[in-house]
Amino acid sequence: AGMNGTAIENFVCVIFNVSFMNCTWHVGRTAAEDTQYFLYWRPSKNEDVTECQNYIKDNCGRHTGCRFQNVTIENKNAYFLVNGSRSGQSIQS
């Protein structure tokens with residue numbers, strides 16, 4: 001669902017200093033300036049989903065990343081979702 005080209009691109013997360021994680025992405029090619037993105041993640045299937053509390057923003061105020069503290073990933077899998085909205089229109093996840 002959502003307009004083509006509005007989904008984020010180049011999603012990357014990097015863990016550093018044992019318990020910090022930065023995730024970044026590029027805004028979709030056709031995303032308007034009022035598009036806003038939201039990042040949710042969970043470190044395993046059995047844990048609750050958490051929304052980013054410390055977004056990185058571009059010059060338009062759009063979320064283009066997140067800084068996490070006190071991150072623990074005990075197995076090799078973590079689960080991420082970035083969705084968004086634009087004036088009531090849906091954005092590709």
Centroid-to-centroid separation of the stretch 31-49 and the stretch 50-76 [C-alpha atoms, Å]: 9 Å
Neighbour-limited loop hits for GluC sites (Glu not before Pro), the stretch 43-93 (at most 16 other Cβ within 10 Å; DSSP other than H, G, I, E, B): Glu47, Glu74
Vicinal HN-Hα couplings computed from phi for the stretch 13-19 (Karplus, 6.51 cos²θ - 1.76 cosθ + 1.60; Hz; Gly/Pro x): 10, 10, 9, 9, 6, 6, 10
Cysteines without a disulfide-compatible partner [the chain; Cβ-Cβ under 4.7 Å]: Cys60
Largest-first ellipsoid semi-axes for the stretch 1-42, taking √(5λ) over the Cα gyration tensor eigenvalues, angstrom: 25, 10, 9
Karplus-derived 3J(HN,Hα), 6.51/-1.76/1.60, for each residue of the stretch 77-87, Hz, glycine and proline x: 10, 9, 10, 10, 9, 10, 10, x, 8, 8, 6
Phi-based couplings in Hz for the stretch 45-62 (Karplus 6.51, -1.76, 1.60; Gly and Pro marked x): 5, 8, 9, 6, 7, 10, 8, 3, 10, 9, 6, 8, 10, 8, 5, 8, x, 6
Largest-first principal axis extents of the Cα set of the chain (Å): 37, 27, 20
Within the accessible area of the chain (1.4 Å probe), percent carbon and sulfur: 44 percent
Approximate spin-label separation Glu33-Asn59, in nm, with each point projected 7 Å along Cα-to-Cβ: 1.0 nm
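The values are calculated or read from the model by the stated rules, or taken from the named source; none is laboratory data. Predicted, not measured: the structure shown is a model, and the values here were computed from it. Methodologically, a virtual Cβ is constructed for each residue, glycine included, from the backbone with ideal geometry; neighbour enumeration extends over all protein chains shown. When the accessible area is computed, the model is the full protein with side chains, heavy atoms only, and any ligands, DNA or RNA have been set aside. Shrake-Rupley method; radii C 1.70, N 1.55, O 1.52, S 1.80 Å.
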